[in-house]
Amino acid sequence: MLPSSSSHQQSPGMDSRPLTAIPTPLAVAIADREKLGQNEAIHVAQEASRDQKYSVFSQVMRKYLTYLLGLILTLSTLTATIYFPLIPMLSAELGVSIQAINLTVTVYVVVQAASPAFFASLADAVGRRPVLLGLIALYTVATLGLILSFTFSTGRNGYNALVALRALQSLGGSTMPPLAYGLTYDIVPVAERGSMLGPMLAFCNGISAVGPMIGGGIALGTGGVLWVWVALLVVAAVCLLLTGFTLPETARNVVGNGSLPASGVWRTWVSLPKASKDGEDRGSDTPQSQAQASQDYLSQKPVLEWQPLQALDSFRIIFYPEAAAVLWMIASSYSVYYTFQVAIPVVFSEVYEYNELQIGLVLLPGLAGMTLGGILAGKLLDRNFATIARKLNLDISSKTAHASSHFPLEVARYRGCEWFLLFMAACVVGYGWAVKLHVHAAVPIVLQFFICAASTLLSHTASALLVDTFAERPSTTYASAQIARCGLSALSSALLQPLVEAIVSRTKGVGWRQRRREHIRANDSL
């Protein structure tokens, strides 16, 4: 169940009302939301009273974790993008239809939407490191299984193994984004989170952008898909080793602000060298006062005990009134990007008569736009927060800067984004008219770049706002965003082909226009 508390503590100078107070019209509808926020209020007040650092992890360690998490995230994104060019070859190798191979994509997406709810809540309760390490190990075993399957199995047995092992791959990789968001919120204060989220997501998206080229190139070069699985196994093994040896536990209910020593499965396989002398890094060099403060904080903080029913918390968040609008922005903006990626093969093959290689190249501008959107989102998050804090004469380095009920967190996160929303809508309309009028292919390709950049920026900034709103359980909260965006994306992609068949110009033109022309010709012949 979601955490709750029966008392509030406040810092000097803060608003006299409870930190989690909600306007009366919403109080009944979001009673559970208040419980979720009380522990975060206690957390902010207790740390502020001691003037304790938010995190003792150094800037060097933050930078390293940024790119390590970006690499780990590729296990989720690269696994999906590398697969699309393999569909015809998989159909031929296994002797099944294209529709049967598409079913493996559906299974992957279903598991991708559902699994984070379970593992994200587990990570919020027991810690990030053991859950992340276990999931990477599961992904590695599933990928090894695919290699063995394509080496020794053929026909229907090979297809059944593909369905099962792709589901296990999705189970292992799909929870990486919620865990990465949770780790970011563990070690970076609210005013600086964009500086970590932006590069992390851009690094991941940049690698995933070349996924179709990697998958298609390896398959064409080797004459089969076996070596594609080998490439994924290498990436998974590297992530497993780096996580095991270097990724520290960061969950604040386990190690506080990082100053408490970890033990058992929460401890890295080797002790990392300290990067500073002033106690910024965690470990034996951390000042005793920091460790004692964290110990005192954990002794007062309610223990987060995990129960299987907590897997439903991600679904419950979807129905909170203050989460609904944010989730809609996350899901709708992401589904715009996803739908365009799915539509490109249809549009450019039927309207512009591109071949498979040309279609693969056409995908790259959109993926490049996605990478740029991630970078811009990170910078925009930090700049907007700093701007609002300055207007309110607040110190952005203070952990209580956003704790007051008067702080406009929504404005601080989404300020100016309405212009990006309007820009994206205009580009989508322009894309439709460009395809309808058969203008030069460069026009829809350029528009695709801007659409994907804007949709990614909107999705990432809304995700940051959502996790800030439900800050006590960051991984669980982001899992709700993944449920929403995967669900809407699956729906939009399912509706895409019928819409294309009804609207997009085909060899005989748009259906209603063709029928009108036939009617005119019939009247002329009379």
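A compact table of results
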read-out	value
Global geometry of the stretch 124-260, whether rounded, prolate or oblate, following the gyration tensor of its Cα atoms and the 1.5 cut on a/c	prolate
Three-way shape label, the stretch 102-146, alpha-carbon gyration tensor, a/c 1.5	oblate
Around Val265: net Lys/Arg minus Asp/Glu count, Cβ-Cβ under 10 Å	+1
Rg/Rh for the stretch 127-186, where both radii come from Cα atoms and Rh is the Kirkwood radius	1.14
Amide N of the stretch 344-367 lying under 16 Å from the label point, which is placed 7 angstrom from the Cα of Ala442 along Cα→Cβ	362, 365
Ranked packing of 380-390, 128-138, most packed first, by mean Cβ within 10 Å	128-138, 380-390
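Each value in this text was obtained by applying a stated rule to the coordinates, not by laboratory testing. If you're wondering where the values come from, they're calculated on a predicted model, not measured in any experiment. Neighbour counts are summed over all protein chains in view; Cβ atoms, including those assigned to glycine, are modelled from backbone coordinates with ideal geometry.
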